[in-house]
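Before any comments, here is the structure.
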Amino acid sequence: MPFKEEANVGRLQVAYRETITRPAQAQGKYIEQSGGRDLYGDIWLKVEPNAKGKGFSFVDDIEGERVPKEHIKSVEYSARKTLENGLLAGFPMVDIKVTFYDGSYRDVGSSEMAFKMAGSLGVKAAVQKAAPILLEPVMLVEVSTPLEFYKEVLSDLNRRWGTILGMESRGESAVVRADVPQAEILGYVNTLRSTTSGRASSKEEFAHYDPVPVNIAQEIIARARE
């Protein structure tokens with residue numbers, strides 16, 4: 001007995017990421033009156049690019065007791081969470097090292113919440129100075145096609161901003177390998193079938209992340225902020 005369930009199928013989403021391209025530092029200071037008492041958190045952070053694939057790193061470089069340990073943990077937590085939500089277009093920020101090197105607190109008013117807010121403000125301010133960019137996933141695509149459609153396959157991959165990595169002949173067929181931005185490869189299977197009368201096949205796997213061209217990045221960021 002078939003189930004009469006409707007599926008809500010949308011366009012595949014590209015897993016963009018964000019990162020920074022140079023070191024920067026900034027202050028995060030949070031002062032507010034809440035419930036009749038002042039909240040106070042004051043920090044200085046440095047952000048810098050981390051090694052590719054290393055992810056998020058946090059360094060406590062505070063001297064002495066300038067900031068209690070429990071507040072340092074609050075700053076680390078808020079820095080991590082802020083970067084997970086991205087600052088350009090809402091995509092996670094990757095491969096960033098955050099160093100907490102200075103700050104101050106008050107016996108009355110400093111709290112976990114105050115330093116979480118200060119941490120978030122500090123990271124946002126530092127990242128904005130660190131030349132953030134958008135990254136896009138690049139897929140390794142392998143196409144097996146009859147030789148008679150070889151030129152059409154190459155032309156289509158080039159049109160999709162693909163980088164041809166190599167080609168080899170296998171009898172009456174050719175195998176083409178290329179790196180192609182994921183955003184350009186969505187729906188490729190249908191196009192390939194149409195171009196080759198259903199006689200070619202393809203497979204793809206994630207290869208790496210590359211910076212998105214500036215003009216395209218601006219469009220993606222603008223759409224995300226609408």
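Values computed for the structure shown
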| item | result |
| --- | --- |
| Whichever residue in region 205-216 is surrounded by 14 or more Cβ atoms within 10 Å (Cβ to Cβ) and at pLDDT 95 or above and, among such residues, is farthest from Glu136 (Cα to Cα) | Ala207 |
| Pairs with Cβ under 8 Å, 6+ apart, first in region 90-107 and within 12 Å of Pro68 (Cα to Cα) and modelled with pLDDT under 95, second charged (D, E, K, R) and crowded, with 20+ Cβ neighbours inside 10 Å | Gly103/Asp42; Ser104/Asp42; Tyr105/Asp42 |
| Residue match in region 147-169 (condition: out of contact with any Phe, Trp or Tyr (no Cβ under 6 Å at 6 or more places or on another chain), farther than 19 Å from Ile216 by Cβ and assigned to a loop (DSSP other than H, G, I, E, B)) | no |
| Some residue of region 34-53 being surrounded by fewer than 13 Cβ atoms within 10 Å (Cβ to Cβ) and modelled with pLDDT of 95 or more | no |
| Sole residue being at pLDDT 90 or above and among the charged types (D, E, K, R), chosen from Glu76, Glu70 | Glu76 |
| Residues of region 135-158 classified as touching a residue at least 60 places away in the same chain (Cβ under 8 Å) and out of contact with any Pro (no Cβ under 7 Å at 6 or more places or on another chain), total | 5 |
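The values are calculated or read from the model by the stated rules, or taken from the named source; none is laboratory data. Keep in mind it's a predicted model, so treat the numbers as computed, not measured. Note: ideal-geometry Cβ built from the backbone for every residue, glycine included; neighbour counts use all protein chains shown.
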